[in-house]
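Notes follow once the structure below has been shown.
No value in this document is a laboratory result; all are computed from the given coordinates. Just so it is clear, the model here is predicted, and its values are computed rather than measured. When we count neighbours, we look across all protein chains shown, and the Cβ atoms used for this are built from the backbone with ideal geometry, even at glycine.
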Amino acid sequence: MKNRTGVYPGSFDPLTNGHLDIIRRASKLFDKLIVAVLVNSSKKPFFSMEERAEMIRKCTKDLKNVEVEIFSGLLVDFVNEKKAQAIVKGLRAVSDYEYELQMAMLNKHIDKNIETIFLMADIENSFLSSSIVKEVATGGGNIAGLVPDEIIDDITTKLSKNNKKK
Ligand code: PNS
């Protein structure tokens, strides 16, 4: 099969080093990898979808087969619109498994042709999450090593603007 496309979906609020590691590794498995910034209705995002997509674009400039898109509908509709073969998700720990299994099964129930492929997070990133990044940054801590260097300023600037508003 030629031109295999994978979709790596998520909230990416913001992108972490864990996400970037999955993007790099998944980009080697597909001809094209689309990182899709989607709506998770159970989360209240801090960054706008465009801000999140822009931060991902900044950090994936060197990956020529990676594209970043925003989509507000169902993941399966996006996957079909892009004629992609698979959804890629990262698993950090057993605790991720139950939720991810449910999502993968739901997506397969909606469209039986869509496969979900899981990549295990690197052990170094297994504690990382976007929520932890926001918590450290909000508390004035150093987020170097948690997120790509290119977006540290974007995150801290937005947080300090937000803190001034309060
Ligand atoms: O990074 P997250 O928040 O764990 O990613 C979850 C996400 C955005 C991939 C999921 O909520 C999603 O697929 N949203 C799009 C809407 C959808 O298709 N929902 C039903 C399947 S979860």
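Which residues, taken from region 71-92, are within 12 Å of the ligand (Cβ to nearest atom) and crowded, with 16+ Cβ neighbours inside 10 Å?
Step one: list which residues in region 71-92 are within 12 Å of the ligand (Cβ to nearest atom), which gives 71-80, 87-92.
PHE71, LEU75, VAL76, PHE78, VAL79, ILE87, VAL88, LYS89, GLY90, LEU91, ARG92, listed by residue number.
Could you check region 9-36 and list, in sequence order, the residues that are assigned to a strand (DSSP E or B), within 13 Å of the ligand (Cβ to nearest atom) and aliphatic (A, V, I, L, M)? Walk me through how you get there before you give the answer.
Looking only at region 9-36, we keep the residues that are assigned to a strand (DSSP E or B), and these are 9-10, 32-36.
Okay, now just the ones that are also within 13 Å of the ligand (Cβ to nearest atom), so 9-10, 34-36.
ILE34, VAL35, ALA36, listed by residue number.
Any residue in region 150-162 that is surrounded by 15 or more Cβ atoms within 10 Å (Cβ to Cβ) sitting within a Cβ distance under 8 Å of a residue that is of a type in the set (Ser, Thr, Tyr)? List the pairs, counting only those 6 or more apart or interchain.
Close Cβ pairs satisfying both conditions: LEU159/THR138.
Residues of region 113-138 being within 15 Å of the ligand (Cβ to nearest atom) and among the charged types (D, E, K, R), which ones? Spell out the reasoning first.
If we filter region 113-138 for residues that are within 15 Å of the ligand (Cβ to nearest atom), which is where we start, we get 114-119, 121, 125, 128-134.
If the condition is that a residue be within 15 Å of the ligand (Cβ to nearest atom) and among the charged types (D, E, K, R), then GLU115, LYS134 are the ones that fit.
Return the residues of region 19-40 that are free of Cβ contacts under 8 Å to residues at least 60 places away in the same chain and under 23 Å from GLU135 (Cα atoms); say none if nothing qualifies.
Scanning region 19-40 gives VAL37, LEU38, VAL39, ASN40.
List pairs: first residue in region 41-62 and closer than 12 Å to LYS158 by Cβ, second residue basic (Lys, Arg) anywhere in the structure, Cβ distance under 9 angstrom, at least six positions apart or on different chains.
Going by the 9 Å Cβ cut-off, the qualifying pairs are PRO45/ARG52; PHE46/LYS134; PHE46/LYS158; PHE47/LYS158; GLU51/LYS158.
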